[in-house]
1. Quick one: which of Ala178, Ala215 is free of Cβ contacts under 8 Å to residues at least 60 places away in the same chain, small (Gly, Ala, Ser), over 21 Å from Ser405 (Cβ atoms) and touching a helix residue (DSSP H, G or I) at 6+ places or on another chain (Cβ under 7 Å)?
2. Which residues, counting only those in the range 118-151, are open to solvent by 20 Å² or more (accessible area, probe 1.4 Å), at positive phi and small (Gly, Ala, Ser)?
3. Among what's in the range 199-230 and is buried (at least 24 other Cβ atoms within 10 Å of the Cβ) and over 14 Å from the mean Cα position of the chain (by Cα), pick the residue that is nearest to Ala324 (Cα to Cα).
4. From the list Thr352, Thr363, which residue is open to solvent by 70 Å² or more (accessible area, probe 1.4 Å), of a type in the set (Val, Ile, Thr) and modelled with pLDDT under 55?
5. Would the range 366-382 turn up any residue that is modelled with pLDDT under 85, among the charged types (D, E, K, R) and loosely packed, with under 15 Cβ neighbours inside 10 Å?
6. Among the residues that make up the range 562-572, is at least one of them touching a strand residue (DSSP E or B) at 6+ places or on another chain (Cβ under 7 Å) and of a type in the set (Asp, Glu)?
7. For the range 439-471, which residues satisfy the criterion of being farther than 15 Å from Val604 by Cβ, open to solvent by less than 80 Å² (accessible area, probe 1.4 Å) and in contact with a Ser or Thr (Cβ under 7 Å, 6 or more places away or on another chain)?
Amino acid sequence: MRNFVYTSHPSRIIFGTGTVSQVRDEVERLGCSRVLLLSSPPVAKAAAQVRDVLGDVVVAEFEGAAMHTPVDVTERALDVLREHSADCLVAVGGGSTTGLAKALAFRTDLPQLILPTTYAGSEVTPVLGETQNGRKTTVSSPAILPETVVYDVEFTRDLPVGMSVTSAVNAMAHAVEALYAPQANPVIDAMALDAIALTARALPALVAEPSDTAARADLLHAAWLAGTCLGSVGMGLHHKLCHTLGGTFDLAHAETHTVILPHAMAYNAPAAGDVMSRIAGALGVPDAPSGMFDLITSAGGPTSLRELGMAEADLPQAARLAVATPYPNPRELTSPGIENLLRDAWEGRRPTVPAASAPATRTPGTPAPAGHEAASDASDVERLTAQVVASFANAPDPRVRQLLSDLVRHLHHFVTSNDVTDSEWQHAIDFLTRTGQICTSTRQEFVLLSDTLGVSSVVDLLTHSRTPQTTPSAVLGPFYTDGPPETAQGADISQGVAGTPLWADIRITDTDGRPVPDAVVDVWQANKDGFYDIQLPELEGPVLRGRLRTDEQGRLRFWTILPAEYPIPDDGPVGQMLQAVNRHPYRAPHVHFMISAVGHQRLVTQLFVKGGHYLDSDSVFGVKDALVVDFTPQVGPTPDGRAVDGEWRSLQFTFSIARLAAGPAH
């Protein structure tokens with residue numbers, strides 16, 4: 001059983017896009033009316049925006065925040081604060097500005113409101129690091145913890161890629177050390193691993209596309225989680241080294257964290273093997289220290305103290321300072337050991353797997369070989385993974401290089417962490433071979449495999465997260481066929497196929513509610529027995545599918561039939577997989593829509609029948625609450641005068657699609 005103590009440090013968190021608009025309300029909520037606005041020249045644009053929102057409650061500004069929070073800078077800001085009788089501190093910027101706000105709050109007990117522009121994470125910690133006379137010291141106190149943090153993703157959009165990388169790795173360092181801190185507990189563990197996984201996923205996406213708002217939101221989310229970890233438990237070797245290097249040798253804060261992290265992890269790995277295994281899982285790599293180094297390298301981050309301006313002659317002094325004061329750490333600290341760590345970091349060497357923590361690769365159930373042999377096996381895997389990743393280094397397309405490198409790391413980690421046997425791998429190859437062999441022009445078994453593993457829905461969720469103001473998207477599915485028959489307004493795409501008649505009255509608008517005329521809308525669905533036309537060879541030509549165009553009001557109307565739940569094809573490899581894990585093959589009843597319009601982003605989605613079967617266990621995980629709608633029962637006259645004997649259904653829905661950045665508004 002694991003014993004632990006957990007203490008929560010409460011801060012009010014406001015997270016989102018455009019949240020800067022709430023800053024004045026938050027100041028007033030704190031009971032304040034005289035704000036000292038703190039910033040620095042690099043964040044002048046963001047500070048101006050905050051100043052505009054605060055208006056006349058700003059009574060003074062101090063724009064001199066500096067790295068490592070020098071005490072003399074704090075004293076100058078304190079003079080400004082007292083001169084203007086400020087009753088609240090609002091800080092805009094990264095760790096330097098946040099540090100200044102904390103230093104002032106520690107001396108005055110004034111409330112703080114922080115708007116981060118980087119991924120520092122210190123805004124949610126009760127820890128203050130200050131520098132004086134070449135030494136950086138830290139203190140922890142409840143008075144240091146900011147009362148409110150306003151995370152606005154827009155404030156990080158202009159952060160250069162290089163600074164984004166080092167800031168994000170700095171945040172990851174908080175999460176890494178929290179996992180082996182003496183005060184570690186299940187709550188902090190979950191936050192830390194989530195922060196590491198979020199950063200590992202978002203950082204490559206941001207490097208590939210710096211304007212990726214979803215990636216920036218994930219990094220800001222991860223920084224919050226990692227900072228919360230830092231504020232809840234004690235830190236170890238990594239932070240001690242970085243404080244020493246920054247405070248005594250004036251090395252850049254985030255860059256130093258970025259260089260040191262993989263080496264501090266490698267030093268502690270022999271005494272924290274389980275933690276490193278969990279970190280490796282979050283990173284999707286076989287080994288945590290080298291995996292962290294590879295992530296930094298692939299993102300273009302700094303990898304050596306030499307490139308940060310550290311003199312080689314200063315390494316022994318840095319090692320002595322780092323071990324001069326005892327502090328908790330998984331592995332015993334020695335001057336020679338720390339000097340070796342620093343020398344590796346100075347040279348920029350890729351960390352190797354420490355023998356004591358290397359996972360053995362062996363047949364399940366057999367005794368482990370001698371320790372040096374296990375370490376050798378793991379080192380061989382590490383070398384092989386690095387060799388394969390290096391083979392992609394000359395790929396002309398950086399996105400291709402990134403995707404293949406990450407794929408190899410994740411695959412190799414899957415194989416090693418699960419100790420996959422040769423027979424298991426051969427079975428997997430056979431499964432994929434049979435999946436490919438069963439594919440035809442009318443049966444896409446690989447699409448079905450992607451759907452049933454939830455991969456299609458993950459890609460769909462990530463895609464839709466970039467345009468959250470639109471109607472939610474949904475998976476394409478394996479039954480779409482290109483070039484469905486052109487269908488006139490008011491026509492019946494069922495072409496007489498038996499079923500409960502359904503009248504669909506659909507509108508297409510942009511995100512401002514303006515109608516989108518001449519949008520091309522492909523519609524397809526299964527029949528009342530759960531089969532698509534391409535599954536029924538006796539049918540001549542396509543049915544229950546059509547291509548319609550919206551009118552000037554963005555409307556389209558057509559007849560079809562009420563869709564039914566249906567099983568996905570389960571007579572192939574995917575069906576065998578579902579049977580092996582006791583999963584049903586059924587999809588909830590739905591109609592597919594693919595909407596395309598000039599100057600707009602294409603939307604692929606589905607509408608699900610409210611009250612239908614399998615809404616909570618759809619076999620491809622495609623159901624979203626906003627897409628579950630009424631297919632309203634009706635009797636009597638129909639909208640177009642069609643004679644219907646008995647019940648018919650009515651579907652009314654408005655789809656909202658996003659304009660392309662340069663697209664015209666109709």
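The values are calculated or read from the model by the stated rules, or taken from the named source; none is laboratory data. Only a predicted model underlies this, so the values are computations on that prediction, with no experimental measurement involved. Backbone-built Cβ (ideal geometry, glycine too); neighbour counts: all protein chains shown. Calculation scope for accessible area: heavy atoms of the full protein, side chains included, ligands and nucleic acids excluded. Shrake-Rupley method; radii C 1.70, N 1.55, O 1.52, S 1.80 Å.
1. Ala178
2. Hit for the range 118-151 is Gly134, nothing else.
3. Out of the qualifying residues, it is Leu230.
4. Thr363
5. yes
6. So far as the range 562-572 goes, yes, one or more of its residues are touching a strand residue (DSSP E or B) at 6+ places or on another chain (Cβ under 7 Å) and of a type in the set (Asp, Glu).
7. Glu445, Leu449, Thr452
This table checks each residue for (1) in a helix (DSSP H, G or I); (2) at pLDDT 90 or above.
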| residue | (1), (2) |
| --- | --- |
| Pro262 | yes, yes |
| Arg278 | yes, yes |
| Gln317 | yes, yes |
| Glu332 | no, no |
| Ala356 | yes, no |
